[in-house]
Amino acid sequence: MLHPVLGHLGGVPVRTHDVLVGLGVAAAGALFVAELRRQRRLGRHLDDRVWSVVAGALVGGALSARLGTWLQHVDLRRNASLVEHWLYGNRSILSGLVGAYAGALLAKRLTGYQARTGGLFAPAVALGMAVGRVGCLLSELPGRPTQLPWGVTLAPAEALAVGAPPGVPLHPSFGYEILFHLLAFAVLWRLRDRLADPGAPFTLYLVGYAGFRFVVEFVRGNEVVAAGLTRPQLFLLACAPVAAWALLRLWRRGGLAPAAAGTRAAPPTPAAARPTPGEAQPTPAPAPGEAQPRPAGAQPTPAPAREVAG
């Protein structure tokens, strides 16, 4: 069942988790670029500052994913140093998503970019998460014991490697997450042009995943640390007020309403037809029988004198 190492390259192990996470990032990037091109074909102007938002999201997500689990203990002396944690510590998808969101907002603030980009990111992130979680499914502790027919039973050596009881069916919790992200991708793909707020899909995705993750943690193999809850659940509870505020704010400003009929697929404006700043605009030809327009400041042309029969 578990395949933590795909092989070796020059004596260095090629880890399944790292390969699948890399493939997930590549899939998300390809889908993002495809959606960006589609938006431009529809005439929705997105200038090059959008790439600064992408960079902010990547940097913020990487930093937060690596360092987000550093403070695991209230007693700081029990935590590893920042360098040790960066090199050998756990990674957190939840803190990575929060860091990516914060990094994108910071990049927008620094560059003055105000366009709503959540609709661009949401389907790509959901697809990338689905691919990346396959690596978790193939290399980490699946979940807690279960009597359900789809429970996963590990071989003794595999169970020993991940700290699971041998011969006991376990919840395939990462499989549940893969299904969630694939379903989220399908829904977000359909919502791309259907909501009044173009950034609403990403907010909905984050809130939906937070709720799902809190529930699925009850069958994950993570350590219970307080009140029967795991660290990810405590983190989600701390973030819950912010998520509720974001959802309420989105609803109050009408961002969840259907998009106006004329804004879903606005036709692109050909480059040749776009006026250059400062360029004189051509005067449309008058309709048949309509008076010719007179240039500004021109004197009216006197009417010709009529001959008097004599």
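Computed from the coordinates by the stated procedures, all read-outs in this text should not be read as laboratory data. Bear in mind that the values here come from a model prediction, so they are computed numbers and not experimental data. Positions of Cβ are generated from backbone atoms using ideal geometry, with glycine treated the same way; all protein chains shown enter the neighbour counts.
Sort LEU120, LEU195 by Cβ crowding within 10 Å, fewest neighbours at the top. Walk me through the numbers on the way to the answer.
Details: LEU120 26, LEU195 20.
In increasing order of surrounding Cβ atoms, one gets LEU195, LEU120.
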Between segment 121-185 and segment 204-265, what's the alpha-carbon centroid distance in Å? 21 Å
How many nm separate the modelled label positions at ALA186 and ARG253, each set 7 Å beyond the Cα in the direction of the Cβ? 3.2 nm
Work out how much length VAL168 to ALA34 would gain on full extension: take 0.36 nm times their residue separation and subtract the Cα-Cα distance, in nm to one decimal. 43.8 nm
Report the net charge of residues surrounding LEU36, where surrounding means a beta-carbon distance below 15 angstrom and charges are Lys +1, Arg +1, Asp -1, Glu -1. +4
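With the contact rule set at Cα under 8 Å and sequence spacing of 6 or more, what percent relative contact order holds for segment 119-179? Please report the intermediate quantities before stating the final value.
Working: 71 pairs, mean separation 25.1, N = 61.
Contact order relative to length: 41 percent.
Looking at segment 126-231, which trypsin sites (Lys or Arg not before Pro) are DSSP coil and have at most 15 other C-beta atoms within 10 Å of their C-beta?
Qualifying residues, ordered by number: ARG194.
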For TRP150 paired with LEU23, estimate the spin-label separation in nm (one decimal), with each label point 7 Å from Cα along the Cα-to-Cβ line. 2.0 nm
Grab the Cα-Cα distance for VAL225 and VAL12, subtract it from 0.36 nm times how many residues apart they are, and report the gain in nm with one decimal. 73.2 nm
Rounded to the nearest Å, what's the spacing between the alpha carbon centres of segment 6-30 and segment 32-71? Just the number, please. 21 Å
Residue by residue, what Karplus-based ³J(HN,Hα) values in Hz, rounded to whole numbers, does segment 221-238 have, using 6.51, -1.76 and 1.60 with θ = phi - 60° and x for Gly and Pro? x, 6, 5, 7, 10, 6, 6, x, 10, 8, 4, x, 5, 5, 4, 5, 5, 5
